[in-house]
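Notes follow the structure.
The values are calculated or read from the model by the stated rules, or taken from the named source; none is laboratory data. These figures come from a predicted structure and were not determined experimentally. Every residue, glycine as well, gets a Cβ built from its backbone with ideal geometry; the counts of neighbours run over all protein chains shown.
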Amino acid sequence: MKKRFLPIPLILLTPIILLIIVVVAGVYRFSLSDDEILAKFPQTRVEVNSIAQQVFGLRLTQPITVPVPDSPSVAFMERWDAQQRWVFGNYDTGRERGEVAIDTQRVIPLKEKVYISIVTISNQSDALFYYLALFKFDEQRSRITMVQSEPLGDRIEVQSLERSNNQVEVTFLTHTKNQAISESPADSVSILFSITEKYQLVRN
């Protein structure tokens, strides 16, 4: 049985056709402006998270993330109280649910995209736990997240949060030993924290 070979003109015709297609496509491409090309493709609109922008002044797409202390749960800051200047987010572990809040009036920048502020945690009980919190920019996930928290007390009243060089001082009112929880705290306490070179908080 004889082998059949394609005729030489047909073999040459295939690359010639491909070349013509490439030339026509190139001419068509350069005949269009960039705006006309972009108009042919749907564009995805990236929305900036308004809370992250208002609190930290950063144009991020992800919400502020707060890992709840002593819990596997994470809260995302989703609500803004413009009058009291706090932002809020809920968390739910299944057994426990509660609310996390950040005091935006007391946000202090330590360096570019590193901040400290006061965070509160509440759950189904009547307790309201206060923390000094350290926030950093997570470049990989493009979000601000709490990376450290130091407990301050339960149902306290924060009076001030001040930074001086490499130290941060928190002053607040707490209940005395003889005070009922229902009463307003009256005992003034100040706690000093050092800021390490790697921007970690160390209680003095």
Item to complete: Please identify the pairs in which a residue from region 87-116 that is among the aliphatic types (A, V, I, L, M) has its Cβ atom under 6 Å from the Cβ atom of a residue that is crowded, with 19+ Cβ neighbours inside 10 Å and not in a strand (DSSP E or B), counting only partners at least 6 apart or on another chain.
Response: 87/51; 87/77
Practice prompt. Name every residue in region 182-204 that is at pLDDT below 90 and over 13 Å from residue 157 (Cβ atoms), in order of residue number.
Written response: 182, 197, 198, 199
Worksheet, complete the sentence: Per the filter on region 48-59, residues β-branched (Val, Ile, Thr), outside any loop (DSSP other than H, G, I, E, B) and over 10 Å from the mean Cα position of the chain (by Cα) are 55
Discussion item. Looking only at region 168-202, filter to residues that are β-branched (Val, Ile, Thr) and either under 14 Å from residue 118 (Cα atoms) or over 27 Å from the mean Cα position of the chain (by Cα) (or both); which one of those is surrounded by the most Cβ atoms within 10 Å (Cβ to Cβ)?
Written reply: 170
Worksheet item: Taking the condition at pLDDT below 90 and either closer than 23 Å to residue 198 by Cα or not in a strand (DSSP E or B) (or both), does residue 145 pass?
Response: no
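Is region 60-72 home to any residue that is free of Cβ contacts under 8 Å to residues at least 24 places away in the same chain, under 27 Å from residue 169 (Cβ atoms) and outside any loop (DSSP other than H, G, I, E, B)? Don't jump to the end; show me each part of the working.
The initial filter retains those residues of region 60-72 that are free of Cβ contacts under 8 Å to residues at least 24 places away in the same chain, namely 70, 72.
Checking which are under 27 Å from residue 169 (Cβ atoms) leaves us with 70.
Filter once more, keeping what is outside any loop (DSSP other than H, G, I, E, B): none.
The answer is no, given that none of the residues of region 60-72 is free of Cβ contacts under 8 Å to residues at least 24 places away in the same chain, under 27 Å from residue 169 (Cβ atoms) and outside any loop (DSSP other than H, G, I, E, B).
Do we have residue 91 as surrounded by 17 or more Cβ atoms within 10 Å (Cβ to Cβ), within 15 Å of residue 64 (Cα to Cα) and of a type outside the set (Asp, Glu) here?
Working: surrounded by 17 or more Cβ atoms within 10 Å (Cβ to Cβ): yes; within 15 Å of residue 64 (Cα to Cα): yes; of a type outside the set (Asp, Glu): yes.
So residue 91 passes the test.
Taking region 177-204, which residues are in a loop (DSSP other than H, G, I, E, B) and under 18 Å from residue 135 (Cα atoms)?
The first filter runs over region 177-204 and keeps only residues in a loop (DSSP other than H, G, I, E, B), leaving 177-186, 196-200, 204.
196, 197, 198, 199, 200, listed by residue number.
Residue 36 - would you say it is exposed (fewer than 12 other Cβ atoms within 10 Å of the Cβ), modelled with pLDDT under 90, among the acidic types (Asp, Glu) and under 29 Å from residue 198 (Cβ atoms)?
Working: exposed (fewer than 12 other Cβ atoms within 10 Å of the Cβ): yes; modelled with pLDDT under 90: yes; among the acidic types (Asp, Glu): yes; under 29 Å from residue 198 (Cβ atoms): no.
No.
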Worksheet item: If you scan region 111-132, which residues turn out to be at pLDDT below 90 and either buried (at least 20 other Cβ atoms within 10 Å of the Cβ) or in a strand (DSSP E or B) (or both)?
Response: 111
